[in-house]
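Input: a single structure, listed below in C-alpha cells.
Nothing in this text is a laboratory measurement; each read-out follows from the coordinates by a stated rule. Owing to the predicted nature of the structure, the values given are computational and were not obtained by experimental measurement. Positions of Cβ are backbone-derived with ideal geometry, glycine not excepted, and every protein chain shown enters the neighbour counts.
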Amino acid sequence: MKKNIVGLIYTGEGVSELKELTRYRSTAAMPMLGRYRLIDFILSGMIHSGMKNIGIIMQKNYHSLMDHLGSGREWNLHGKRSGLTILPPYMNGDRVGVYEGLLDALHSNLNFLRRSRERFIAVSDSNVLYQVDFNDILSQHLDRQHDITLLYSKNSGLRRNGSGRYVEVGPGGAVTKIEFDPTIPHFENTYIGAFLIRRELLIDLLDRSVAAGQHHFSRGMLAQMIAEKTHRVGGFECPGNIWAIDSVPAYFKANMDFLNDAVRAQIFRDEQPIWTKLRDEMPARYLGEAEVKNALIADGCIIEGQVENSILFRGVRIQPGASVKNSIIMQDAVISRGVSLENCILDKQTTIREGVRLIAPRAYPIVVAKNLTI
C-alpha cells in the first residue's frame with residue numbers, strides 16, 4: 001500500500017496578511033525555525049508516508065521556492081523511479097500563472113495527474129504545518145468506503161472569526177456540512193486544506209466541475225458533493241499540534257511555540273527527520289559577553305550580545321551590548337552595538353544600526369522587510 005499514493009502540494013494560496021514577508025516569496029517558502037522552509041514539513045511528511053512521486057504546483061513569487069527545492073536531491077526525490085515534479089505556473093495571454101483557485105490549478109495540471117500511476121492522490125495546501133501519516137488516512141478511507149477523505153482538526157488555535165472552512169463530522173466519520181468564512185464558526189472541526197481521493201475519480205470530478213464553470217475546489221465542487229450527497233465525503237482527524245501560517249502573528253506564534261521542548265519533540269523525530277536544503281556553514285560562535293537563553297541558533301551565527309527566547313537563522317551577527325528578546329532574525333542580519341529588539345521579525349540581510357530600539361507588543365510584532373537598514 002505504501003507506494004500507492006502520489007503527493008501534490010499546492011503553493012498557490014496568497015496570504016495578504018503576511019505583508020512584507022511574502023512580497024518576494026510564496027507562503028510555502030517562508031523561513032521557519034532557523035533553517036527550514038514551511039514546505040519542508042509537509043514534503044518530509046509525504047516522503048515518510050512512502051510517497052516517491054510528488055508534484056508541486058507553483059504560482060506567483062515562486063523563484064525562491066524553486067531555488068530551495070532544486071532537483072529534489074535533499075529529499076531523495078531525484079532517482080530514476082522517484083521524482084519531484086515542479087509544475088510551474090502556466091502562461092496565457094494577459095494572465096501569468098494566476099490560478100483562480102485550487103480547482104483551476106488542479107485542472108491546469110491534469111497531465112501530471114494522468115501521467116501518475118498511483119491509485120490514490122493526497123493533495124495539500126502548503127500554508128499549514130502539521131504531521132500525519134497518509135497511510136493512516138488511506139486505511140480509514142478504504143475501511144469506510146469514502147470517495148474523498150478530508151483532513152480536519154479540533155485545534156481551537158486554527159479557528160478564525162470571518163475566515164476558514166469548517167465541517168460537521170457525523171457518525172462513522174462522514175462529513176455532513178461545510179461552511180466558509182463564517183462570522184463565528186458553527187462547527188468545531190477546521191478543514192486544514194488536505195484531502196485524499198482516488199486519482200481517476202479526481203480527474204473525472206475536475207473535468208465535470210470545470211465544464212460546469214466552477215473555479216473553486218472547496219466552495220464549488222466539495223460544497224456541492226456534500227450538499228447534494230452525490231459522493232461519500234469522509235473526515236480524518238489530524239493528530240497533534242497544527243499551525244496555520246496565515247498572518248504575521250500566526251507566523252510569529254508558530255515559530256515561538258517551537259522554543260518549547262515538547263512541541264519540538266512532536267514534529268522532530270529521530271526516525272522521521274525533517275529534510276531541508278543544506279548550506280555548509282561554520283558552527284555558531286559565542287564570543288566575549290555572549291549570553292543566550294532558550295533560543296534556536298543556526299550555523300554560522302556570531303553572538304557577542306544577549307539573546308533570549310529567540311530564533312536566529314544562519315549567519316546572523318549579534319554585536320556586543322545588543323539585546324534580542326522574543327524575536328525571529330532571518331539569514332545574514334546584522335544587529336549592531338547597543339541595539340534593543342523585542343517581539344520583532346527581521347527578514348533576510350537586514351541591518352539594525354547602533355543604538356536603535358524596536359519594541360512591540362507580542363500580539364503585533366514589528367516586521368522589518370528584506371535588505372532594509374534601520
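Think of each Lys and Arg Cβ as +1 and each Asp and Glu Cβ as -1; about the Cα centre, that makes the dipole of the chain roughly 620 debye.
Note: relative contact order over the stretch 243-374, using C-alpha pairs below 8 Å and six or more positions apart, is 15 percent.
Ordering S16, S336 by the number of other Cβ atoms within 10 Å of each residue's own Cβ, fewest first, gives S16, S336. Over the chain, dividing the summed -39,500 (n - 2.57) contributions of all DSSP H runs of at least 4 residues by the number of residues returns a 222 nm mean residue ellipticity of -5500 deg cm²/dmol.
The order of I366, I267, I57, going from fewest to most other C-beta atoms within 10 Å of their C-beta, is I366, I267, I57.
Computed over the alpha carbons of the chain, Rg followed by Dmax gives 21.5, 69 Å. Within the chain, DSSP assigns beta bridges of which about 35% are antiparallel (rounded to the nearest 5). Beyond 16 Å, what percent of the Cα pairs of the stretch 224-318 remain? Here the long-distance tail beyond 16 Å is 71 percent of all Cα pairs in the stretch 224-318. Near the amide H of N189, within less than 5 Å, lie the amide hydrogens of V167, all on another chain or at least 5 residues away, with H placed in the peptide plane.
Under 16 Å Cα to Cα from K229, which lysines show up? Leave out anything in the same chain fewer than 8 places away. K229 reaches K177.
Excluding same-chain neighbours fewer than eight residues apart, the lysines reachable from K370 by a Cα-Cα span under 19 Å are K19, K60, K348.
The Rg/Rh ratio for the stretch 125-229, using Cα coordinates for both the radius of gyration and the Kirkwood hydrodynamic radius, is 0.95.
Computing Rg and the Kirkwood Rh from the Cα coordinates of the stretch 285-368 gives a ratio, Rg/Rh, of 0.91.
Dipole of the stretch 5-267 computed with +1 at Lys/Arg Cβ and -1 at Asp/Glu Cβ about the Cα centre; of M46, F195, P185, farthest Cα towards the positive end is M46. A full extension of the chain between L259 and T230 corresponds to an added length of 5.9 nm, given 0.36 nm per residue minus the alpha carbon distance.
Considering the convex hull of the alpha carbon atoms of the stretch 194-251, report its projected area averaged over all viewing directions, in nm², one decimal.
Over every viewing direction, the Cα hull of the stretch 194-251 projects on average to 5.7 nm².
Within the listed set K52, K277, K229, the residue fluctuating most in the Gaussian network model of the chain (springs between alpha-carbon atoms under 10 angstrom) is K229.
Give, rounded to the nearest 20 debye, the magnitude of the charge dipole that the stretch 38-162 has about its Cα centre when Lys and Arg contribute +1 at Cβ and Asp and Glu contribute -1 at Cβ.
240 debye
Taking the chain as a Gaussian network of alpha-carbon nodes connected by springs under 10 Å, the highest mean-square fluctuation of the residues A122, A265, A28 belongs to A265.
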